[in-house]
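Single-structure report; data block below.
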Amino acid sequence: MKPAPEVSTLSLAVLGLISQQPLSGYDLRKVFSTTPMGHFSMSPGAIYPALRRMEASGWVKGSIDRKRKLRPRQLYSLTKKGRLVLARAFERPVTRDDIIWHMDDLMLRAAFTGSVLGREKAIAFMKELASEAEAYVASLRKHLADVSQPQMIYGRLALEHGLEGYAATARWARRAARELEKTKGT
């Protein structure tokens, strides 16, 4: 299988949203400005160029929505190639680097994997996320044991914060996997 192309976090968010239903650039801006997805981008200076790049790459296809007579708008739909790019991005193994540096991408995968790849793959992703986060927590605990000198209190406290955050991610992912396992047909 050909390696997955690099997909930016913004592109991942846009492709994920468009995979659920065709959306216009304005619709995407509205989602970004009115939901917790806002930190990905609300800027038309980022969204519209990203849509143009994805259309040029063949990941999305724009078409004029003629239902609105006064102000027709361009709706973007995911193409087969775009669905494949999204699927490949979501099927990548979860790595320690993802846990440390790309938590936003992991949360996008959590949000959209089920609708793109199905429930079983979403469960597997959650379990993999939990395992990788737990492994990182174990390595942080080893570092914490080394930071015991009184003059290192600030570093220790910061390390404890990170450790607790990653442990919470692992707990959440385990709970999410169990919840998904109990649900049928979603």
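Rule-based calculations on the coordinates, nothing more; no lab input. What you see is a predicted model, and the numbers here were worked out from it, not measured in a lab. Note: ideal-geometry Cβ built from the backbone for every residue, glycine included; neighbour counts use all protein chains shown.
Which ones in the range 32-41 are buried (at least 17 other Cβ atoms within 10 Å of the Cβ) and out of contact with any Asp or Glu (no Cβ under 8 Å at 6 or more places or on another chain)?
Those that are buried (at least 17 other Cβ atoms within 10 Å of the Cβ) and out of contact with any Asp or Glu (no Cβ under 8 Å at 6 or more places or on another chain): F32, M37, S41.
If only one of H161, H143 is assigned to a helix (DSSP H, G or I) and closer than 17 Å to R96 by Cβ, which one is it?
Criteria check complete, one pass: H143.
Report, by residue number, each residue of the range 13-70 that is in contact with a Phe, Trp or Tyr (Cβ under 9 Å, 6 or more places away or on another chain) and among the hydroxyl-bearing types (S, T, Y).
Matches in the range 13-70: S19, S24, S41, S43, S63.
Test S63 against the criterion of being without any contact (Cβ under 8 Å) to a residue 60 or more places away in the chain and either buried (at least 16 other Cβ atoms within 10 Å of the Cβ) or in contact with a helix residue (DSSP H, G or I) (Cβ under 9 Å, 6 or more places away or on another chain) (or both), and give yes or no.
no
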